[in-house]
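We did not get these values from a lab; they are worked out from the coordinates using the rules stated. Keep in mind it's a predicted model, so treat the numbers as computed, not measured. Ideal geometry is used to build each Cβ from the backbone, glycine not excepted, and the neighbour counts take in all protein chains shown.
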Amino acid sequence: MIYCGIDWAETHHDIALIHDTGKLLAKRRIMDDAAGYQLLLDLLAECGDTEDAPIPVAIETSRGLLVAALRQGKRKVFAVNPMAAARYRDWHGVSRKKSDPGDALVLANIPRTDMAMHRPLPYDSDLARAIAVLARAQQDATWNRQQIANQLRSLLREYYPAALKAFANWQNGLWCPEARVLLAVAPAPTRAASLSLAQLRAALKRAGRLRGIEAEAQRLREVFRTEYGHQPPLVEDAWGQQVLALLRQLDAACTATDELAEAVQAVSSTAPGR
């Protein structure tokens, strides 16, 4: 058996191929481009790589064009967590100094000695991999949206408690359309207190609300006109400018989350049997 380890980097990759006995058969550095990928495949072929018996590869990432090139056919590709790889590096040597060629050799030894302890990347179809990419992107966008909403909540606590009270009962809280539209219209409590019923109704309609507009506008006016503590006017306006800047980020994050959710649904609907 022959095993391959690849120390992945942004611009280049170090390759090591070893025999089942642990003997180093070849080492090479390739660039992160199509020519480099082909050089790697040629090197694998020189060491006995075939379509029916491909050489297993260990690498510290599960993504990217290099991994996509390696995943063609029946090859076992092991995405080794960098922290796990660091433990193997300590096992194979006393020096803690990082060496890309040395790390490639360490990675090649992982499937040679501990293949049963690591799970290869699944032989997914292109459709399944596309869904995985979009689902991961949607999850990241959702986390980003929540993080920005949390930052916005922290800002509002500093000077605008009426907004937090006004939006507390709404589903999705600060990133619901009504909250974002109202904050854009009135980023400071003094401005919110001056909003008329007509302006509140118009804001709710722009946010897409269809029912209970009159009752909700009445409730919002009461909340916004309740007596609260205030920052000095100049400071309040400064907080409002910061909220508007963060609100633009939140709007973009909400749009990205919704679009990615639609993309996941669209791709999933093309799966056989759907």
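Residues with beta-carbon under 14 Å from that of Gln147, excluding Gln147: net charge, scoring Lys, Arg +1 and Asp, Glu -1?
Details: positive: Arg145, Arg153; negative: Asp140.
Around Gln147, the charge tally is +1.
When the Karplus curve 6.51 cos²θ - 1.76 cosθ + 1.60 is applied with θ = phi - 60°, which whole-Hz ³J(HN,Hα) does each residue of region 70-80 get, with x for Gly and Pro?
The phi angles translate into 6, 7, 5, x, 9, 5, 8, 10, 9, 8, 8 Hz.
Above 12 Å lies some portion of the pair distances; for region 139-186, what is it as a whole percent of all C-alpha pairs? Could the numbers behind the result be given before it?
On the way: 711 of 1128 pairs.
That tail contains 63 percent of the Cα-Cα pairs.
Starting from the eigenvalues of the Cα gyration tensor, five times each then square-rooted, give me the equivalent ellipsoid semi-axes of the chain, largest first, whole Å. All intermediate terms of the calculation are to be shown ahead of the outcome.
Values: eigenvalues 650, 97, 37 Å².
So the three semi-axes of the chain are 57, 22, 14 Å.
With contacts defined as alpha carbon pairs under 8 Å and 6 or more residues apart, what's the relative contact order of region 2-123 in percent?
Details: 205 pairs, mean separation 38.9, N = 122.
Relative contact order of region 2-123: 32 percent.
Go through region 235-241 residue by residue and turn each phi into a ³J(HN,Hα) via Karplus (6.51, -1.76, 1.60, θ = phi - 60°); whole Hz please, and just put x for glycine and proline.
After applying 6.51 cos²θ - 1.76 cosθ + 1.60, I find 5, 4, 5, 5, 4, x, 5 Hz.
Please give the net charge around Arg201, taking every other residue with its beta carbon less than 11 angstrom from that of Arg201, where Lys and Arg add +1 and Asp and Glu add -1. Don't skip to the answer; put the middle values down first.
Values: positive: Lys205, Arg206, Arg209, Arg221; negative: Glu214, Glu216.
Value of the local net charge: +2.
Quick check for me: using +1 on Lys/Arg Cβ and -1 on Asp/Glu Cβ, what's the dipole size of the chain about its Cα centre, in debye to the nearest 20? Don't skip to the end; give the middle numbers.
Values: 34 positive and 31 negative charges, 175 e Å.
Roughly 840 debye for the chain.
For Asn172 and Thr142 in one chain, what is 0.36 nm times their gap in residues minus the Cα-Cα distance, to one decimal in nm?
Details: separation 30, 0.36 × 30 = 10.80 nm, distance 1.18 nm.
Using 0.36 nm per residue and subtracting the Cα-Cα distance, I get 9.6 nm.
Which number do you get for Rg(Cα) / (2.2 N^0.38 Å) in region 126-274? Walk me through the numbers before you get to the answer.
On the way: Rg = 18.2 Å, N = 149, 2.2 N^0.38 = 14.7 Å.
After normalising by residue count via 2.2 N^0.38 Å, the value is 1.24.
Give, as a single signed number, the net charge of other residues whose beta carbon lies under 14 Å from the beta carbon of Trp175, with Lys and Arg counted +1 and Asp and Glu -1.
Numbers: positive: Arg145, Arg153, Arg180, Arg248; negative: Glu178, Asp251, Asp258.
Combined, the nearby Lys, Arg, Asp and Glu give +1.
May I ask you to evaluate 6.51 cos²θ - 1.76 cosθ + 1.60, the Karplus curve with θ = phi - 60°, for each residue of region 173-188 and list the ³J(HN,Hα) values in order in whole Hz, giving x for glycine and proline?
Result, ordered by residue: x, 6, 9, 6, x, 4, 5, 5, 5, 5, 5, 5, 6, 9, x, 9 Hz.
If amide H atoms are built 1.01 Å from N in the plane of the peptide, which residues on other chains or at least 5 residues away come under 5 Å of the amide H of Leu25?
Result for Leu25 returns Leu17, Ile18, His19.
So what's Rg/Rh here for region 2-123, counting alpha carbon atoms and using the Kirkwood radius for Rh?
Values: Rg = 13.0 Å, Rh = 14.1 Å.
Using Cα coordinates only, the ratio equals 0.92.
Sorting Tyr3, Tyr159, Tyr228, Tyr37 on the 10 Å Cβ count, fewest up front, what's the list?
Values: Tyr3 26, Tyr159 23, Tyr228 14, Tyr37 18.
Going from sparsest to densest Cβ surroundings: Tyr228, Tyr37, Tyr159, Tyr3.
Taking amide H atoms as placed 1.01 Å from N in the peptide plane, list the residues 5 or more away in sequence, or in a different chain, whose amide H sits under 5 Å from that of Ile55.
Placed amide hydrogens put Thr50 under 5 Å from Ile55.
Between Ala198 and Ala135, what FRET efficiency follows from the Cβ-Cβ distance if R0 is 35 Å, with the result rounded to 0.05?
E(calc), rounded to 0.05, equals 0.20.
Label Asn150 and Glu262 with points 7 Å out from Cα along Cα→Cβ: what is the distance between them in nm?
2.9
How big, on average over all directions, is the shadow cast by the Cα convex hull of region 145-224, in nm²? Write down the numbers at each step before the final one.
Working: hull surface 18.6 nm².
Here the figure is 4.7 nm², rounded to one decimal.
Find the centroid of the Cα atoms in region 118-183 and in region 206-274, then give the distance between the two in whole Å.
Here the answer is 11 Å between Cα centres.
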